[in-house]
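Encoded as C-alpha cells, the structure appears first; notes follow it.
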Amino acid sequence: MNEKANYRTQRAARQLIESWQRSGVTHLKRVVPVPQQATQPSASHQPVVQQPISQKPVTVVESETVVPTAVMSEPQVKEMNHAVNQGTLLQQIEVSATEVSSSEEVNEIDDPRKEMSVPRTTKSKLTKGDRQAELEIIAEQVSQCQKCPELASTRTQTVFGVGNPRAKIMFIGEAPGADEDKQGEPFVGRAGKLMDKIIEACQIKRSDIYIANILRCRPPGNRNPSDVEAANCRGFLDAQIEIVDPDYIVCWGSVSAKNLLHSEMPIGKMRGRFYEYGRTKVLCTYHPSYLLRNPSAKKDVWEDMIFLFKDMGITLKAQK
Ligand code: URA
C-alpha cells in the first residue's frame, strides 16, 4: 500500500474502532479457528465414541473480510479488506486502539461494560448471584435504550436474554421475532420450540444455558438487523458474554456468526470447527428458522451438537 492509502486505511480503522467503542466495545478479540480435536462429528445420528482430547497449539488466523459499518464509506471498506488481505489490518487496529483509548472523544457514559472489561483466561469467579445482579443492571439499561430510533419506536418491549447467569453454554440468535417481542424472552416462537427440542435432545434444560440475540429489539417485519443496529447493540451483547463468561457460544445462523465474529463466510462453511472469542470457543450452525424451512439440515445441526458436547467430554445419545 502506498503512504496515502495506508493513511486512509488507518483512519478507517480508527473510525471503525471508535464506532465499536461508542457501542460499548472496549477491546478487540481475534477470531481464531481452534484446531479440531479428534474427528469431526459423524454424518449419521449415531453416538460418537469420545476420543481423548489432545491440546494442540492454537494458530491465529485473521478473518477474511471486514463488515462495513455506518462510519465507513465503500472505498474505506475496500481498503480495510485490502489491509486484511495484506495482513496489516490488525497491526493498524492495535495502533489505532491505543490512540482511541486515550481519546477524550470516546463517550463512556452509556458504556455498559466500563467496569467489566478485564480480559480473563479462566472462568470468572463471580457467583451466580453477582452475575444475575450485573445482568439485571444491563437489562435495565437495555430497556431504556433509544439508540435505534426505529426499533425503539416499534418494539413492544426489549428482549434481553434468559437463562443461567453462570452457564457453560451460551446461545446467540439473530433478533427477537413477533412472539419474543410480545413475551420479552428470546426463542419462544416456532423457531424457539424447535430449539427447545434440540436442547432436550442434548439432554440439558433450557435453564442450564444462557440465550441471547445479536439485537434486543424486534426489527419490523422480521427484517435482518442492519449493521448499524447490530453495532448499537454490540456493547450489550459483549456485556452479557463477559458476565456469563461461557466456555462455549453457539451462533445460530449467519447473522449471529457474521456479527459476533466479523466474518463474511457462509454459515455452511463456518460449521464443524471452533472459533476462539476471548477464552470462549464459538461454534456456528444453522438457525432453527432455517431448519423449519429445510428440515434436511437438522442432521447437520445434530452433528454440530455432537461436536460441541464431545469437546466437553460428553457423548450424546443417538436420536430416534
Ligand atoms: N430468532 C432469533 O434469532 N431469535 C429469537 O429470539 C427468536 C427467533
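The values are calculated or read from the model by the stated rules, or taken from the named source; none is laboratory data. The shown structure was predicted, so the numbers you read here are calculated from the model rather than taken from an experiment. Here Cβ is always computed from backbone atoms with ideal geometry, including for glycine, and neighbour counts include all displayed protein chains.
Being of a type in the set (S, T, N, Q) and either touching a Ser or Thr at 6+ places or on another chain (Cβ under 9 Å) or closer than 18 Å to S226 by Cα (or both) is the filter here; which residues of the stretch 260-285 pass it? Within the stretch 260-285, just S263 meets the criteria. Which ones in the stretch 297-320 are among the β-branched types (V, I, T) and either closer than 20 Å to N259 by Cβ or assigned to a loop (DSSP other than H, G, I, E, B) (or both)? Within the stretch 297-320, V301, I314, T315 qualify. Tallying residues that are within 16 Å of the ligand (Cβ to nearest atom) and either in a helix (DSSP H, G or I) or polar (S, T, N, Q) (or both) within the stretch 272-296 yields 8. Residues of the stretch 180-212 that are within 12 Å of the ligand (Cβ to nearest atom), small (G, A, S) and more than 14 Å from L291 (Cβ to Cβ): G184, A212.
Within the set G235, G163, G177, G221, the sole residue that is modelled with pLDDT of 95 or more and near the ligand (Cβ under 8 Å from one of its atoms) turns out to be G177.
Matching residues to (1) hydrophobic (A, V, I, L, M, F, W, C); (2) touching a Gly at 6+ places or on another chain (Cβ under 9 Å); (3) part of a loop (DSSP other than H, G, I, E, B); (4) in contact (Cβ under 8 Å) with a residue 24 or more places away in the chain:
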position: A152; (1), (2), (3), (4): yes, no, no, yes
position: F171; (1), (2), (3), (4): yes, yes, no, yes
position: D179; (1), (2), (3), (4): no, yes, no, no
position: K197; (1), (2), (3), (4): no, no, no, no
position: E200; (1), (2), (3), (4): no, no, no, no
position: E229; (1), (2), (3), (4): no, no, no, yes
position: R234; (1), (2), (3), (4): no, yes, no, yes
position: S256; (1), (2), (3), (4): no, yes, no, yes
position: L260; (1), (2), (3), (4): yes, no, no, yes
